1. Please verify whether region 105-113 includes one or more residues that are part of a strand (DSSP E or B), in the same structural domain as Asp178 (by TED's automatic domain parsing) and in contact with an Asp or Glu (Cβ under 9 Å, 6 or more places away or on another chain).
2. If you scan region 171-183, which residues turn out to be of a type outside the set (Ser, Thr, Tyr) and either outside the structural domain of Val154 (by TED's automatic domain parsing) or within 18 Å of Asp138 (Cα to Cα) (or both)?
3. Taking Arg84 as the residue in question, decide whether it is modelled with pLDDT under 80, surrounded by 14 or more Cβ atoms within 10 Å (Cβ to Cβ) and touching a strand residue (DSSP E or B) at 6+ places or on another chain (Cβ under 6 Å).
4. State the number of residues belonging to region 151-183 that are in contact with a Ser or Thr (Cβ under 7 Å, 6 or more places away or on another chain) and part of a strand (DSSP E or B).
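The values are calculated or read from the model by the stated rules, or taken from the named source; none is laboratory data. All of these numbers come straight from a predicted model, not from anything done at the bench. Virtual Cβ from ideal backbone geometry, glycine too; neighbours counted across all protein chains shown.
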Amino acid sequence: MQTPPAIKKLLVMVVAVLICGGIFSAYAQEKEQPKPAAPVGDRFDHREGARDSYKLDFTFIETEGGRKVNSRTFTVMCEDQGSRTSGHLRVGSRVPVASGPAPGGGMPQFTYMDVGMRIDANLTATTDGGLTLSTTVDVSSLADASGTPGLPPVLRSMQFSANTGIIPGKPVVLTTADDMGSNRRFEVQIVATKLSR
């Protein structure tokens, strides 16, 4: 008994609908799955989460009688994440200071104090392309080592905090200070450089 042509046509249409439905379902599932980020070398390039990075160069300039006698630069790296981002730098030494005689007449007891450079920087990128920098700097050093033997060393220090608007690539003076015991002047400049990503 042969199948009527109308039923054959209906069966062909049902099979075609089932096949198309399966193809569409597989395509929809593939579209729903997130695609991995494209690899760049051995890392991944997360384009949507890419952030701007900045190099902060703090330059400390010391002048005497209007003539530059010393200049040092310290660099802090900061990454903008849409909010304040912290960068910290510690450079220096721990200096032993006799704190008292040892029991029984032995070696004296010592405590240690940190001497050197401390920089704490908080960087915020503004919508107009500028930057806001909130920073605290503490610079300390020992005075002339030819002091009286047995006495604690004299510690010189400069501390300041500043909130400053800066433009990438342009130097900005954060502070100036005169040395209380001489005719030397200290100046601190900052330059923020946007790094390419």
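1. no
2. Once the filter is applied, which keeps residues that are of a type outside the set (Ser, Thr, Tyr) and either outside the structural domain of Val154 (by TED's automatic domain parsing) or within 18 Å of Asp138 (Cα to Cα) (or both), region 171-183 yields Val173, Leu174, Ala177, Asp178, Asp179, Met180.
3. yes
4. 10
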